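A.B. asks: Below are the structure tokens for one structure; questions will follow.
Any read-out appearing in this document is the output of simple, stated calculations on the displayed coordinates, not a laboratory observation. Not measured: the values here are computed from a predicted model. Every residue, glycine as well, gets a Cβ built from its backbone with ideal geometry; the counts of neighbours run over all protein chains shown.
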Amino acid sequence: MSIRCCSPPHIGTAQKCLILVSALIPLVSADCAPPPIPINIENVTLPNNEISRGLGMSVGNPPQKFSFLPAWPLNNTYVFGSNGYCTGSWSDSACTTLRGGQYDKVGSTTRGSADSDAYPTDGSLYKLEIITDNLTITDNVTFPDFALGISLADWGLEGYHPRASLGLGPNSSVLHALQSARRIASRSWSMFWGQTGATENTQLDGSFIFGGYDRAKVSGNEYSYDLSPLSEDCATGMVVTITDISLEYPNGTSASLFSDIKSAALATCLIPDLPWLMTLPYNPYFVNFQSLTNASDFDRSFGINYYTMVYNQNAQIYDGDMTIKLSSGLSVRISNDQLVVPRLLIDRDSGELVTNSTETSLLINSLQGGNSDDLPQLGRNFLSSAYLMVNQDANKFTLWAANPTINEDIVAVDSNNKVIEEFCDPTTRGSTPSPSAQPASSSERKLSRAAIAGIAVGSVAGVGTTAGIVFMYMKRQKVKAYIKSQITSPVEPKAPPAYGTLELHGTSIPDRPPEPQELP
């Protein structure tokens with residue numbers, strides 16, 4: 001049978017065929033699937049011998065190590081080159097840490113030129129060079145001649161997303177490549193950020209899985225949601241409604257930030273790469289937090305947990321937990337050691353990650369001034385206490401309360417939203433049982449097969465529409481979800497200083513209001 005690819009002219013030929021062939025060829029039998037591909041979210045050692053938390057993957061030959069974070073609404077994979085375009089007084093080593101690695105194209109023997117139809121449309125305003133090279137996802141999964149974007153300028157995203165990016169947009173090139181190579185049963189992925197507390201017993205590597213999820217790391221019921229269309233306010237389409245945020249005091253009592261608020265619902269966008277637990281409108285929600293915790297004196301972090309609140313010296317630091325409740329019924333409790341952490345910085349000289357033990361970060365970004373009307377966001381630290389599963393063949397995403405554990409019980413998910421426990425070798429199509437799980441409670445194992453979530457890919461015309469949305473999102477809003485304007489209203493009753501530097505370092509210049517940062 002001959003296959004003729006038909007789609008709008010702005011979609012490249014290779015990409016057209018990839019979409020069509022992926023839809024026509026069944027990747028799994030009724031009872032087995034390719035084994036999912038897990039990647040640790042961990043402290044990745046970079047070529048400068050410093051560390052950066054993320055997904056450790058390599059580019060080129062010999063392999064050059066990078067620490068990637070997922071990114072939206074991008075569809076392609078991007079890295080910075082040997083010039084990391086770090087502003088200010090960053091050393092080469094510090095710039096490498098900030099960017100999650102730097103690509104030396106001269107040092108790779110497998111670098112090639114990319115055809116214009118070898119990668120999906122992003123509509124990006126970034127200055128880029130598109131090349132091809134080996135992309136090594138794990139030791140046994142490598143894609144030769146994979147199209148990559150090399151940044152030729154700073155992206156203007158400040159500390160919200162300053163480094164190597166794995167595009168997981170609706171036309172993600174890496175998800176399409178994995179599916180068309182029969183390495184995953186569906187264009188699905190799952191994520192648990194892990195734990196990043198101050199002490200060893202409050203730290204845990206996270207997990208990112210292509211093609212399935214880890215049942216050992218979920219707890220209780222699953223909650224599925226339809227993916228919303230991409231918009232200016234939510235680049236991921238993962239919109240949830242928060243109905244309550246309560247403070248859980250050490251003495252066993254609790255208090256709600258929603259008390260005396262007429263509308264007890266807060267639409268929120270989940271963006272799993274952003275460097276905080278959540279953004280929260282200053283009035284009335286953060287005002288209520290201050291009142292209920294006797295906290296009034298905050299600064300801002302320009303470190304790894306960018307623009308979150310920092311307790312000033314002698315401030316009363318909150319020592320309780322926080323519970324976030326969604327309209328679906330999901331309740332997620334964030335322990336204090338994942339909510340309140342030491343301030344973490346990149347040393348501009350050495351590139352080393354350093355902790356400022358005298359300053360404590362509250363992983364909340366208070367939305368004030370020009371940001372006060374922004375749609376609130378849940379970031380990556382929310383996934384220290386919740387577990388996320390997405391499947392782009394079903395137009396849904398699923399959340400659970402997380403079960404932080406080193407145990408694994410990884411299962412595949414097919415394009416029909418079914419959990420598959422038998423694995424097929426992707427080359428021989430023989431079946432093998434999934435690895436046996438470590439002991440866990442029965443409540444963690446009772447998962448509905450029909451409700452495993454995903455994200456749908458529409459018609460090819462829909463892909464063209466999505467590309468247009470992405471372009472307008474980038475063009476008109478200048479990555480509104482990330483940078484918009486800096487906060488100008490004070491944190492009452494004592495106003496924090498304004499800053500004239502936006503570098504990821506503890507040194508700041510007071511008394512000069514920040515200027516809005518936009519892409520060139």
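A.B. asks: Starting from the amide H of GLN377, placed 1.01 Å from N in the peptide plane, find each other amide H under 5 Å away whose residue is 5 or more places distant or on another chain.
C.D. replies: CYS269, THR279
A.B. asks: Cβ neighbours within 10 Å, averaged per peptide: list 178-188, 334-344 in order, most packed at the top.
C.D. replies: Ranking the peptides 178-188, 334-344 by packing returns 178-188, 334-344.
A.B. asks: If I take all pairs of Cα atoms in region 198-420, what percentage of them are more than 21 Å from each other?
C.D. replies: Above the 21 Å cut-off, region 198-420 has 57 percent of its Cα pairs.
A.B. asks: I've got another one for you. Which order results if ASP414, ASP244 are arranged by neighbouring Cβ count within 10 Å, fewest first? Numbers along the way, then the final one.
C.D. replies: Working: ASP414 26, ASP244 18.
Neighbour counts put them in this order, fewest first: ASP244, ASP414.
A.B. asks: Here's a follow-up. Using θ = phi - 60° and the Karplus curve 6.51 cos²θ - 1.76 cosθ + 1.60, what whole-Hz ³J(HN,Hα) does each residue of region 310-325 get, with Gly and Pro shown as x?
C.D. replies: These are the phi-based 3J(HN,Hα) values: 10, 5, 7, 4, 6, 6, 7, 8, 5, 10, x, 9, 9, 10, 10, 10 Hz.
A.B. asks: Over all Cα pairs of region 37-183, how is the pair count split among 10 Å bins, expressed in % and running from 0 up to the last occupied bin?
C.D. replies: Calculated over all Cα pairs of region 37-183, the distribution is 12, 45, 36, 6, 0 percent.
A.B. asks: Tell me, in nm to one decimal, what length is gained between THR199 and ASN312 on full extension, where the rule is 0.36 nm per residue of separation less the Cα-Cα distance?
C.D. replies: Net length gain for the segment: 38.6 nm.
A.B. asks: Under the classification rounded if a/c is under 1.5, otherwise prolate if a/b is larger than b/c and oblate if not, where does region 251-319 fall, given a ≥ b ≥ c as square roots of the Cα gyration tensor eigenvalues?
C.D. replies: oblate
A.B. asks: Still on this structure, please answer the following. For SER350, enumerate residues with amide H under 5 Å from its amide H, sequence gap 5+ or separate chain, H modeled in the peptide plane.
C.D. replies: The answer is none.
A.B. asks: Here's a follow-up. Listing TYR249, TYR103 from the residue with the fewest other Cβ atoms within 10 Å to the one with the most, what is the order?
C.D. replies: Going from least to most buried by this count: TYR249, TYR103.
A.B. asks: A follow-up question, please. Return the FRET efficiency for the residue pair ASP349, LEU128: r is the Cβ-Cβ distance, R0 is 25 Å, and the value is rounded to the nearest 0.05.
C.D. replies: After rounding to 0.05, the efficiency reads 0.30.
A.B. asks: Using packing as a proxy for protection, rank 107-113, 288-294 so that the peptide with the highest average count of other Cβ atoms within 10 Å comes first.
C.D. replies: Descending packing order for the listed peptides: 288-294, 107-113.
A.B. asks: Output wanted: per-residue J couplings in Hz (rounded whole) for region 229-238, from phi through Karplus 6.51 cos²θ - 1.76 cosθ + 1.60, θ = phi - 60°, x for Gly and Pro.
C.D. replies: Residue by residue, region 229-238 yields x, 4, 9, 4, 8, 9, 6, 8, x, 9 Hz.
A.B. asks: If I model a spin label as a point 7 Å beyond the Cα along the Cα-Cβ vector, how far apart are those points for LEU152 and SER327 in nm?
C.D. replies: Simple spin-label model gives 4.5 nm for this pair.
A.B. asks: Please report the spacing between the Cα centers of region 263-300 and region 64-98 in Å, no decimals.
C.D. replies: Value for the Cα centre distance between the two parts: 29 Å.
A.B. asks: Same structure again: Order these by the 10 Å Cβ neighbour count, fewest first: GLU232, GLU200.
C.D. replies: GLU200, GLU232
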